[in-house]
1. Just to be sure, is Pro345 within 25 Å of Phe185 (Cα to Cα), modelled with pLDDT under 95 and out of contact with any strand residue (DSSP E or B) (no Cβ under 6 Å at 6 or more places or on another chain)?
2. Under the condition of being part of a helix (DSSP H, G or I) and touching a Pro at 6+ places or on another chain (Cβ under 7 Å), which residue from region 181-201 is surrounded by the fewest Cβ atoms within 10 Å (Cβ to Cβ)?
Amino acid sequence: MEYDPNCEPEVGSCTNTVAQAVVAPLTRAAIFLVLTINSGPDSRTVIRSFCEDLGGLVRAVGFRDIEGRLSCVIGIGSDAWNRLFGEPRPANLHVFREIRSGERYAVSTPGDLLFHIRAKRMDLCFELATQIMARIGDVVSAEDEVHGFRYFDDRDMIGFVDGTENPRDEAAMEAVLIGEEDRAFACGSYVIVQKYLHDLDGWNALSTERQERIIGRTKLSDIELDDSIKPTSAHNALTTITEDGKEVKILRDNMPFGHVASGEFGTYFIGYSRSPRRIEQMLENMFIGRPPGNYDRLLDFSRAVTGNLFFVPSATFLENVAKDVPAVAAPSAVSTAGKPPASLPPAKDGSLDIGSLKGVIQNE
C-alpha cells in the first residue's frame with residue numbers, strides 16, 4: 001500500500017474527518033515557510049481558495065516521485081484565523097507568548113501561515129514551495145524561510161541525536177490529534193516553531209563530558225544518562241513531564257540548517273501537540289527553570305530568533321472552507337456498519353496550564 005501524504009491514519013471519530021499529514025514519516029529534507037497575509041480585499045478569498053486546493057497540489061507535485069514521500073502541513077496563526085474563518089475558533093489558539101528570564105528570551109515573531117514541507121528529496125520540497133508561492137505570493141509576505149536537512153545519523157548541529165523519544169504510531173496520534181476536548185476541531189493539532197542559532201565555537205570548546213551533562217545523553221551512543229549522574233538542569237530532564245505517573249509527549253521533527261560562509265548554524269524546532277500548553281510548559285522549564293533558576297544550560301549556547309504558534313486544522317476542514325460549509329461534521333450516532341463510532345482521544349485535564357512548573361514534554 002503506497003503512502004498517502006494527505007491521509008493520516010484514522011483515530012477515534014476521525015473516521016469521519018481526515019487529519020493533515022502531521023504524523024508523517026521522518027524525511028531527509030524539509031522547508032519551513034512562515035508568511036504573513038497582506039491587507040487587501042482579495043487576500044481572504046485567495047487564501048481560502050488555496051486551502052481547498054492544497055491537497056491536490058501536493059499530490060500533483062508528489063506524483064513526480066511517488067517514493068519521495070512529499071507532504072505538506074499548513075498551520076494558521078491566531079490573528080489570521082479571525083480574518084480567514086472567524087467563529088468558531090480553536091479553543092487554545094493564541095499568539096505565541098514570549099518568555100523572558102534574565103538574558104534568556106523566547107521571542108514572539110510575526111506569522112500568519114506556516115507551511116511545513118517534507119520529502120526524501122529537497123527538490124520535491126523546493127518545487128512544492130515554488131508552486132505554493134506562485135499561487136498565493138501576491139497576497140502574502142515572507143517572514144522566514146528555512147531549508148532543513150538530516151545531518152548524518154539524525155544529529156543536530158551540536159552533535160547529538162535529536163528526536164530519540166518521539167512517540168510513534170497510535171501513541172503519536174494520541175499525542176497530537178485533538179479529541180473530545182474541542183470536538184468542533186477534532187483531528188486538528190497545534191504546532192509551535194522556533195529558529196535557534198548556535199554558538200558552535202563556544203559549544204565545541206566544552207569537553208564531551210560537559211556537553212553530555214547539559215543534554216542528558218551520551219554523545220556517541222545516544223544513551224540517556226543515569227539519574228544518579230544527570231543534572232536536574234539537563235535538557236532532557238527539563239523537557240520531560242509526567243502526569244499521573246505517565247510521561248506526556250509531543251511530536252517533533254526538528255531539522256538542522258546553516259549557512260557556512262556566514263557562520264550561521266542552527267536548529268529549527270517544530271513541535272506538534274493536541275494542546276499548546278504542553279510545549280509552552282516545556283519552554284517555561286527551559287527558559288525560566290524548574291524550579292526557577294534551574295534553567296536549560298543549552299540556552300547558554302543557543303538563541304531563539306523566531307517564535308510562532310499555529311493551529312493545524314484537519315484536511316477535511318481545508319477542503320470545505322471555500323464552500324463556507326461547516327469545518328468538521330459532527331460524528332454520526334451510528335457508523336455505516338451499525339455500530340457506535342470509536343471514541344475520540346481522551347481529553348486532558350488542565351494541569352499543564354502556563355505558569356505551572358510541574359514538568360514538561362520531552363524534547364531531547
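The values are calculated or read from the model by the stated rules, or taken from the named source; none is laboratory data. Fair warning: this is a prediction, and the values are worked out from it, not measured in the lab. As a convention, Cβ positions derive from the backbone with ideal geometry for all residues, glycine included, and neighbour counts pool all protein chains shown.
1. yes
2. Ala184
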